[in-house]
Amino acid sequence: MEPEPAQSANRAVTLRDVAKLAGVSIATASKALNNQPQVRAETRAQVIRAAEQLSFSPNTLAQGLITQRSGTVGLLTSDLEGRFSIPILMGAEDAFGSDQTSVFLCDARGDSVREKHHLRALLSRKVDGLIVVGARPDARPSLGRDLPVPVIYAYSPSDDPGDLSLVTDNVGGGRLAVDHLIRHGRRRIAHITGDETYGAAQDRARGALERLAEEKLELAGDQVWFGSWSEAWGRGATRMVLQRTPDVDAIFAGSDEIARGVLDVLHQENLDVPGQVAVIGFDNWNILAANARPPLSTVDMNLEQLGRLAAQRLFAAIDGSLPNRGGGAAGLSAGANLAADSPAGGGLTAGSAASGRPTSRFPASGGPTSGSPANSGLTSGSPANSGLTGGALANGTLAGGALANGARAGGALAGGIETVACRLVIRESSS
């Protein structure tokens, strides 16, 4: 293949130029660059070399007419400012960028009317698919099954079991936290968490109770302490735990914010952490966990990885390569990440677990009495308690098969829920 003379500075390289340099027809060059199956591998490689030599940039509009794709996807969120949705969006955008897919990002701000407007706008731009990211981990209304493109729901599952949703395994995360404490000799373990109306709070508590039951252990204080997702509630609940169970030797906090309040009271009571009372949080909110005294070990929810997986599933749906529906969703697990050594010991991996809610193990009141400090639930505008991956941490590697869901006519997907496991982040104690 002889090099062509340099193109005029004011003339763009065309497909005709690439075909001429490669010694093929324009139609063959087009098929080769669009990865069509009718072209031999040697011919495709020859055309690609010619395109690279000429720095050829294909016309996106023309490609779309051939492939019936726009090369764009929509990311529709309800909480662009939230610290939980942003890592998911970052992970998805990373995956889209590696495939040279452009992304339209729309923030509905929790407004259903605004969401419908954004949806119409995205569809009018002929996006190839959509990822919908909710503001909290509880089920959200489905966009419907009559859309012309595939839709993946991330973080907040769709309330329609026919939709494909990707969520964090909060049950497994609760098991992971308590398992870590048990493996390091703790037996009087209390659990202080947030708003009991949040499915994530219930699921984490369920995982903690399941792991304790396997060791024939009971919760210190004989109840899960539900309240608000705040440091104030962490302080108030810790005082009540110490009053009811002075010999408590570990506290599993349902969020890092709650854990900071727990640490405040333990320091005030001159209790050594982690010597006398170990504390583990949930979220891996780096600004809180890394700057706590001592630095806080916590459960990370792999939200960036969840975003990447959502993008991968959307790619597969667009290509029609998701496997046909089989016996249900394949559970995925992520390896634990050990950020540093800690007196509390090493991290563990959590396997996927079915979602569910604790029942009889919880007191009828669902937590402390109305007179207890900071006993208010989250307002509807508050961000959901979920995970945030710290930027300095390596992402866990997902293992397991693809979700057993197939594409159906019109670009929609056969539904199911796929879970991504949490990982343990250990921070070296400064005490």
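Would you confirm whether or not segment 142-150 contains a residue that is more than 27 Å from residue 208 (Cβ to Cβ), of a type in the set (Gly, Ala, Ser) and in the same structural domain as residue 310 (by TED's automatic domain parsing)? Can you show your working first?
Step one: of segment 142-150, the residues more than 27 Å from residue 208 (Cβ to Cβ) are 142-150.
From the residues that got through so far, the ones that are of a type in the set (Gly, Ala, Ser) too are 142, 144.
Still in the running and in the same structural domain as residue 310 (by TED's automatic domain parsing): 142, 144.
Scanning segment 142-150 turns up at least one residue that is more than 27 Å from residue 208 (Cβ to Cβ), of a type in the set (Gly, Ala, Ser) and in the same structural domain as residue 310 (by TED's automatic domain parsing).
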**Prompt:** Scanning for something out of contact with any strand residue (DSSP E or B) (no Cβ under 7 Å at 6 or more places or on another chain), closer than 16 Å to residue 427 by Cα, in contact (Cβ under 8 Å) with a residue 60 or more places away in the chain and in a helix (DSSP H, G or I), does segment 281-294 turn up at least one residue?
**Reply:** yes
**Message:** Yes or no: segment 158-170 includes at least one residue that is among the charged types (D, E, K, R) and out of contact with any strand residue (DSSP E or B) (no Cβ under 7 Å at 6 or more places or on another chain).
**Reply:** yes
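From the list 221, 227, pick out the single residue that is in contact with a Ser or Thr (Cβ under 7 Å, 6 or more places away or on another chain) and either assigned by TED's automatic domain parsing to the domain that holds residue 296 or at positive phi (or both). Full working, then the answer.
Numbers: 227 fails: in contact with a Ser or Thr (Cβ under 7 Å, 6 or more places away or on another chain).
One residue alone meets the criteria, 221.
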**Asked** Quick one: how many residues across segment 151-180 are under 28 Å from residue 215 (Cα atoms), touching a Leu at 6+ places or on another chain (Cβ under 7 Å) and surrounded by 24 or more Cβ atoms within 10 Å (Cβ to Cβ)?
**Response** 4
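Out of 194, 185, 173, which single residue is in contact with a Phe, Trp or Tyr (Cβ under 8 Å, 6 or more places away or on another chain), assigned by TED's automatic domain parsing to the domain that holds residue 226 and closer than 18 Å to residue 297 by Cβ? Spell out how you get there, then give the answer.
Values: 194 fails: closer than 18 Å to residue 297 by Cβ; 185 fails: in contact with a Phe, Trp or Tyr (Cβ under 8 Å, 6 or more places away or on another chain).
From the options 194, 185, 173, the qualifying one is 173.
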**Asked** If you check residue 262 against the conditions, is it part of a strand (DSSP E or B) and β-branched (Val, Ile, Thr)?
**Response** no
**Prompt:** Here are 120, 145, 114: which of them is surrounded by fewer than 18 Cβ atoms within 10 Å (Cβ to Cβ), out of contact with any Ser or Thr (no Cβ under 7 Å at 6 or more places or on another chain) and outside any helix (DSSP H, G or I)?
**Reply:** 145
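Please tell me if residue 135 is at pLDDT below 95 and either within 22 Å of the chain's Cα centre (by Cα) or assigned to a helix (DSSP H, G or I) (or both). First the steps, then the outcome.
Working: at pLDDT below 95: yes; either within 22 Å of the chain's Cα centre (by Cα) or assigned to a helix (DSSP H, G or I) (or both): yes.
When the stated conditions are applied, residue 135 passes them.
The values are calculated or read from the model by the stated rules, or taken from the named source; none is laboratory data. Worth saying up front: this structure is predicted, and the values here are computed from it rather than measured. Glycine gets a Cβ as well: all are built from the backbone with ideal geometry, and neighbour counts include every protein chain shown.
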